[in-house]
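S.K.: This is the structure I have questions about; it appears just below.
The values are calculated or read from the model by the stated rules, or taken from the named source; none is laboratory data. As the structure is a computational prediction, the values presented were derived from the model and not from experiment. Neighbour counts run over all protein chains shown; Cβ positions are idealised from the backbone, glycine included. Just so you know, the surface numbers come from the protein's heavy atoms only, side chains and all, with ligands and any DNA or RNA stripped out. Shrake-Rupley method; radii C 1.70, N 1.55, O 1.52, S 1.80 Å.
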Amino acid sequence: MNTSVLPGDSFNQHHWSIWDALPWVLGLAVFYLFDGYLALGTIVIIMIIACMSLNLVLGYGGVETLGHAAFFGIGAYVAGLWAIHVTPEPITGLFAAAAVSALFGLLSGYFLMRMRSLTLLMLTLAVGMAVYEFANKWSSVTGGDDGLSGISVAPLFGVFEFDLVGRTGYLYALGVLFIVFLLFRAVVCSPFGLALRGVRENIWRMKLIGSPVTLRLVTAYTLAGAIAGLGGALYAQTIQVVGLDSLSFELSGNLLIMVVLGGVGRLYGPFVGAIIFLLVQDRAAAFSPQHWMFAIGIVLILSVKLSENTLIQKAGHGLKKWTMW
Amino acid sequence: MGFKLFQTIFALLFNGIAYGMILFIISAGLSVTMGTMRVVNLAHCGFAMVGGYIAYALMDRLGLSFSLAIPAAFVLTCLLGAVLEYLLYRGIYRQTELKQVIMTLGLALVMIASVNLLFGASVYNLNVPSTLSGNVEVFGVGLSVYRIFLILVSSIVGLLIWYFVERTYLGKKLKAAVDNPGMARCVGINVDVLFSGMFAVGCGLAALGGALGAELMPLQPFYALKYLVIAVIVVSIGGLGSIKGTLLAALALGVVDTFGTYFFSDIGAFLIYFIMILVLFIRPQGLFGRRA
Amino acid sequence: MKTGIKSLVLALATTAVLAPVGEASADEITVGIIVPMSGPIAYWGTQFQQAAQLYADQHGNKAGEHTVKLVFRDDGGLNPARSRQMAQELVVREKASYLAGLAVTPTALAAAEVADKAKVPIVIFNAGTADITRRSPYMLRAGFSQWSVSVPLAEWAAKQGDCKRATLAVADYAPGLDSLEAYRKTLTQAGTEIATEIRIPLATTDYSSYMQRIKDSAPQCLLMFQPVGPQAVGFVKALESSGLSSSGIKVLGIAETQEVDLPVFGDSAIGIITSSIYSPNNDTPENQKFVAGLKEKFGPKAYSDMASVEAYDAMHMIFEMIKRTDGKGSGAESIDSIRGMKWVSPRGPVSVDPDTRDLIQNVYIRRVEKMADGSYVNQTFFTVPDVKDPWKEQNPE
């Protein structure tokens, strides 16, 4: 019995409104007002991208996965290796990373999307861990536990150097997020997106009406791979060190938590979830890191027990208009 | 040379079986929970960890002996499992897998954080009584007495489970409830109580495995998530809901891992993942699972 | 619970103490310290913090005329992104003039990038990969490189005469492989036969098959390296349960019997020989003062180990840099001011290598022994003085 992920208003279409400018205004405000927080800000943006990727398969496709970090990490390592061995030019690195992650999504999706829920969940875990172990073993290329370092990034467009304060990095990430968001919105509001949501809501009925379910899921998985790969590439280029943590189960779990907190299947869910999770984690870490895990665990348990699995729903009807499409 | 090879293989087999038996004890509960109650329980190894720490605390702080602390840990964790089942798990049986994943993940995090706060981040081991330490020579190979003990205890536990399920009246009721809960309710079987009991015992078994296996798998806060992957692999290969499957898968895994690391240490952890992925593609329900 | 609140209270207290008292010449220099306070290697963080705090307190938070403010940040242990973010925030937001900390190589490299760009000296507490101090002229190391403890151990073992055939078993990651290479080179040069080399993945749970391989290779001595924590504990326990520790094979290692894990082994660890840059029961006045200071400030359960002495000495290096440049020097000038500086630390006599910016220090060969009161210690019985990083000597730039 697979009950729907979302309530009955799952097929609403998103219409542009003045509120859609809000995240970008905020993003630019942070840039101008909070100079010292740009490092954190860049990480938040990168995680939003990764969460959008997960949201695509989970929130729109209904595919539960515990191994999503694999796409992110693959993108990160590819971008890092690209910068070291091919060219430090960042934009080409983005494309390379997205391409390889998408390929991985295609290959694994081809095999995985035929599986059922519990089996699929376990398999995504296994595949994620297998990728982690692979990167660990192939330490001559990936640096193993030491991480991949020595990644230097050429100035963006040949002009903007990646500076210490992180200004270039932040705007670069923000720009990528903007483009990815537009693409994402276009996809989920397209007929393809609608079909995907149909699969999520009732896979059997979709099959009955002849919709090519597996094809749709594999496409979504591939696309998600590309998006997460972009996130990983940004990560590699702005941090300039790639560690195995980018492939870890911990990251997969964190992404899942962020997407759920922000609202599964909501267009702006990843924004809300990533921002809240990472900001609270940052403050909690400064205050008392040991309690952070405890608090997050309680929040997760409560979020399920209270049967409301999204913060957006809790925020009330006023936001509903903005957050649903 | 021939005898040397035999000795090596004998030693590897012995160690692999001991490791496999511990995995069986820990994973049996997970197989039951996921297979029959259809709950994804990511906190399962958390119970194993809690059991281990309870045993440690009983021995270290209260001075209990090993032979008392282990059963006590079993019982206490059963109780904990029963309480948590009532408070937390009961509401999520009919929920989506995602919600189950989130809630049990949250529970696992709470367990890790609690253990970290109470015991700190260092690694703990249980003090094995002197009667169980040391080695015994068989075929000229030194076998750890403790591992012999592990194999014996796990076999007894396995037999007890088999006997209970196959030969007792309560076991028959259990099988009925698992096969067809609706029908079982109709004939007056209290399915809810039975399921809660199964869950609690599953947690207790995990605790038993965690406490007994602390030699092999040292206790530390990240235990809960670190060994979760292995448990998941065992139950996936064995088939959800099948005790027999879990036993065979755990033994196979233990032996393959031990032989694999001896002969092909470069492949390392891969072997396990590949086998799992392979098995699940050919038979998505695992070796002995049921197609629902 | 206690550590979190305690460190918070300490941090607040320190900040309160350091509030400028209105002296005209006193200005505040911020030192940003990035340590793992959460995550799998959090116990390093506790040790680092306590020792650094102790040093600051013992010197009244003053270096010469200047007040020193320590700001601690958590890097989560193994997360290079976090450590880079922390480093960036410390330099940009807190205006740190010095950075310090870091327990492992990936986080050290990530933070060092920032230090290099900002031209700020960074003193690495622990990360052990040999060539990291070459990555930036602003990096100094208060710890040691894997080679500097592995080579003396192997040399000593070869000299004993009962190590003609050796098996090497290390954890399969960069520091382990460093040790492997160091052992192999040193032993082969001394004429020892290497029976077999074994690389053990960090994620291993069951060490029995590795024990089997060690037994099958029939060595006279076993040289190992496993990192502090579950790997060290698992490996040493497996030595016992497989009968290797009582089989007459000599067992030599580096970090496996650290004080934090030693109580867990009981009698099975007795006789294991390790090499380290520090032994808590070294009988020098500096060490006694250090250990007493820790216990007085943090309670009887506080103990000193390799991690604490690294942090302590790193603080000394930073405070001296501030003093010698009168708090005004640039990053490069600060580093130049302590090249070749010698002092006696709780670990023994040390000096800053003027070329490599590592520390030149003693390496102690110790054996695990049981004391009269039933506790276990690593007892030093041989000292190798003034060890420079052998890897850098053999691989000049």
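S.K.: From Cα pairs below 8 angstrom and at least 6 apart in sequence, can you work out the relative contact order of chain C, rounded to a whole percent? Working shown, then result.
M.R.: On the way: 807 pairs, mean separation 63.3, N = 397.
Relative contact order, chain C: 16 percent.
S.K.: To continue, here is another question. Can you send over the carbon and sulfur percentage of the accessible area for chain A, probe radius 1.4 Å, protein chains only?
M.R.: Carbon and sulfur atoms account for 71 percent of the accessible area of chain A.
S.K.: Continuing with the same structure: Provide, as a two-decimal number, the C-alpha radius of gyration of region B:1-97 over 2.2 N^0.38 Å, N being how many residues it has.
M.R.: That works out to 1.47 for region B:1-97.
S.K.: Suppose every K and R has +1 on its Cβ and every D and E has -1 on its Cβ; what is the size of the dipole of the protein assembly as shown about the Cα centre, in Debye to the nearest 20? Each step should come with its number before you reach the end.
M.R.: Details: 73 positive and 70 negative charges, 676 e Å.
With Lys and Arg at +1 and Asp and Glu at -1, about 3240 debye.
S.K.: Residue-wise, which Karplus ³J(HN,Hα) couplings in Hz belong to region B:27-37, taking 6.51 cos²θ - 1.76 cosθ + 1.60, θ = phi - 60°, and x for glycine or proline?
M.R.: Working through the residues one at a time gives 7, 3, x, 5, 4, 5, 4, 6, x, 8, 9 Hz.
S.K.: While we're looking at this one, here's another question. Once phi is turned into ³J(HN,Hα) by the Karplus curve 6.51 cos²θ - 1.76 cosθ + 1.60 with θ = phi - 60°, what whole-Hz value does each residue of region A:178-189 show in order, with x for glycine and proline?
M.R.: Each residue of region A:178-189 in turn: 4, 5, 4, 4, 4, 4, 4, 4, 4, 5, 6, 9 Hz.
S.K.: Counting only residues 5 or more places away or on other chains, whose amide H sits under 5 Å from the amide H of C:Arg165 once H atoms are built in the peptide plane?
M.R.: Here C:Glu193, C:Gln220, C:Cys221 satisfy the definition.
S.K.: To the nearest 0.05, how large is the calculated FRET efficiency for C:Gln58 and B:Tyr86 if R₀ is 51 Å and r is the Cβ-Cβ distance?
M.R.: My answer for the efficiency is 0.40.
S.K.: Can you give me the long-range amide H partners of A:Leu267? Hydrogens built in the peptide plane at 1.01 Å from N, cutoff under 5 Å, separation of 5 or more residues or another chain.
M.R.: Residues meeting the amide H criterion: A:Trp325.
S.K.: How long are the semi-axes of the ellipsoid equivalent to chain B, from square roots of 5 times the Cα gyration tensor eigenvalues, in whole Å, largest first?
M.R.: Taking √(5λ) for each Cα gyration eigenvalue gives 30, 24, 19 Å.
S.K.: For region B:1-84, calculate the relative contact order in percent as a whole number, restricting contacts to Cα pairs under 8 Å that are 6 or more residues apart.
M.R.: Working: 29 pairs, mean separation 15.8, N = 84.
Taking the mean separation of contacting Cα pairs over the length of region B:1-84, I get 19 percent.
S.K.: Ranked highest first by the average count of other Cβ atoms within 10 Å around their residues, in what order do A:226-239, C:291-304, C:85-98 fall?
M.R.: Answer by packing, highest mean first, reads A:226-239, C:85-98, C:291-304.
S.K.: Just checking the output field for B:131-140: average partner chain Cβ neighbours within 10 Å of each residue's Cβ?
M.R.: The shielding value for this peptide is 2.
S.K.: Sort the following peptides by mean Cβ neighbour count (other Cβ atoms within 10 Å, averaged over residues), highest first: B:25-35, A:263-273, C:371-381.
M.R.: Numbers: B:25-35: 28.5, A:263-273: 25.7, C:371-381: 12.7.
For the peptides B:25-35, A:263-273, C:371-381, the packing ranking is B:25-35, A:263-273, C:371-381.
S.K.: Still on this structure, please answer the following. Counting pairs of alpha carbon atoms under 8 Å apart in space and at least six apart in sequence, what relative contact order in percent does chain B give?
M.R.: On the way: 431 pairs, mean separation 110.7, N = 292.
38 percent.
S.K.: Given the alpha-carbon gyration tensor of region A:165-286, what are the semi-axes of its equivalent ellipsoid in whole angstrom, ordered largest first, with each equal to the square root of 5 times an eigenvalue?
M.R.: 30, 17, 14
S.K.: For A:Val86 and A:Leu208, calculate 0.36 nm times their separation in residues minus their Cα-Cα distance, and state this gained length in nm to one decimal.
M.R.: Working it through step by step, the gained length comes to 39.1 nm.
S.K.: Quick one: angle between helix B:243-263 and the longest Cα principal axis of chain B, in degrees between 0 and 90, rounded to 10, please.
M.R.: 30 degrees
S.K.: Using the Cα gyration tensor of region C:36-90, with a ≥ b ≥ c the square roots of its eigenvalues, what is the shape: rounded (a/c below 1.5), prolate (a/b larger than b/c) or oblate (neither)?
M.R.: Since a/c reaches 1.5 but b/c is at least a/b, the shape of region C:36-90 is classed as oblate.
S.K.: Rounded to two decimal places and with Rh computed the Kirkwood way over Cα pairs, what is Rg over Rh for chain C?
M.R.: Result: Rg/Rh = 0.98.
S.K.: Which of the peptides B:201-211, A:86-96, B:103-113, C:344-354 is most tightly packed, and how do the rest follow, going by the mean number of other Cβ atoms within 10 Å of each residue?
M.R.: B:201-211, B:103-113, C:344-354, A:86-96
S.K.: Through the Karplus equation 6.51 cos²θ - 1.76 cosθ + 1.60, θ set to phi - 60°, convert the phi angles of region B:173-186 into ³J(HN,Hα) values in whole Hz; use x for Gly and Pro.
M.R.: 4, 4, 4, 5, 4, 6, 5, 8, x, x, 4, 4, 4, 4
S.K.: Looking only at other chains, what is the average number of their beta-carbon atoms within 10 angstrom of each beta-carbon in A:126-138?
M.R.: Across A:126-138, the average partner-chain Cβ count within 10 Å equals 5.
S.K.: Report the label-to-label distance for A:Leu28 and A:Ile276 in nanometres (one decimal), using points 7 Å from each Cα along the Cα→Cβ vector.
M.R.: A separation of 2.7 nm, rounded to one decimal place.
S.K.: Suppose R0 equals 45 Å; then what is the FRET efficiency for B:Leu64 and A:Ala186 from their Cβ-Cβ distance, rounded to the nearest 0.05?
M.R.: 0.10
S.K.: In addition: How high is the FRET efficiency from A:Leu106 to B:Tyr169, r the C-beta distance, R0 56 Å, rounded to 0.05?
M.R.: Efficiency for this residue pair is about 0.55.
S.K.: Would you pull out the residues with amide H under 5 Å of B:Val138's amide H, same chain only if 5 or more places away, H placed 1.01 Å from N?
M.R.: B:Leu143
S.K.: Per the 1.4 Å probe, what fraction of the accessible area of chain B, in percent, lies on carbon and sulfur atoms?
M.R.: Values: 7990 of 11410 Å².
C and S fraction of accessible area: 70 percent.
S.K.: Chains B and C: what accessible area do they bury, summed, in square angstrom to the nearest 100, with a 1.4 Å probe?
M.R.: Roughly 2500 Å².
S.K.: Let me ask another. Return P(r) of the protein assembly as shown (all Cα-Cα pairs; 20 Å bins starting at 0; whole %; ordered from short to long distances).
M.R.: 13, 44, 35, 7, 0
S.K.: Between rounded, prolate and oblate, where does region A:228-267 land on the alpha carbon gyration tensor, with a ≥ b ≥ c its root eigenvalues, rounded for a/c under 1.5, else prolate if a/b exceeds b/c?
M.R.: It is oblate, given that a/c is not under 1.5 and a/b is not larger than b/c.
S.K.: Continuing with the same structure: Pairing the Cα long axis of helix C:105-118 with the longest principal axis of chain C, what angle in degrees results, from 0 to 90 and rounded to the nearest 10?
M.R.: Value to nearest ten degrees: 30.
S.K.: From the mean inverse distance of alpha carbon pairs (Kirkwood) and the Cα radius of gyration, derive Rg over Rh for chain A.
M.R.: Answer for chain A: 0.95.
S.K.: If you roll a 1.4 Å probe over the heavy atoms of the protein chains, what accessible area per residue do you get for region A:201-269, in Å²?
M.R.: Spelled out: the 1.4 Å probe surface of region A:201-269, per residue, equals 28 Å².
S.K.: Heavy atoms only, probe 1.4 angstrom, no DNA, RNA or ligands counted: give me C:His66, C:His59, A:His15 ranked by accessible area, highest first.
M.R.: On the way: C:His66 10, C:His59 75, A:His15 135 Å².
I get A:His15, C:His59, C:His66, largest accessible area first.
S.K.: So which of B:Lys226/C:Lys237; C:Lys295/C:Lys392; C:Lys295/C:Lys342; C:Lys297/C:Lys323; C:Lys62/C:Lys392; C:Lys69/C:Lys295 end up more than 30 Å apart by C-alpha?
M.R.: As for pairs spanning more than 30 Å Cα to Cα, those are C:Lys295/C:Lys392; C:Lys62/C:Lys392.
S.K.: How much net charge surrounds B:Gly188 when only other residues with a Cβ under 14 Å from its Cβ are counted (Lys, Arg +1; Asp, Glu -1)?
M.R.: Overall, the nearby charge balance is +2.
S.K.: Rounded if a/c is under 1.5, else prolate if a/b is larger than b/c, else oblate: which is region B:92-243, with a ≥ b ≥ c the root eigenvalues of its Cα gyration tensor?
M.R.: Oblate shape, in that a/c is at least 1.5 and b/c is the bigger or equal ratio.
S.K.: Report the Cα-based extents of region C:159-294 along its three principal axes, largest first, to the nearest Å.
M.R.: Computed over the Cα atoms, the extents are 47, 34, 29 Å.
S.K.: Follow-up question, since we're still on this one. Report, in deg cm²/dmol and to the nearest 500, the calculated mean residue ellipticity at 222 nm for chain B, where each DSSP H run with n ≥ 4 adds -39500 (n - 2.57) and the sum is divided by the residue count. Walk me through the numbers on the way to the answer.
M.R.: Numbers: 12 runs with 209 residues, N = 292.
-24000 deg cm²/dmol, from helical runs alone.
S.K.: Now for a different question. From other protein chains only, count the Cβ atoms within 10 Å of every residue's Cβ in C:87-99, then give the mean.
M.R.: Counting Cβ atoms of other protein chains within 10 Å of each residue's Cβ and averaging gives 3.
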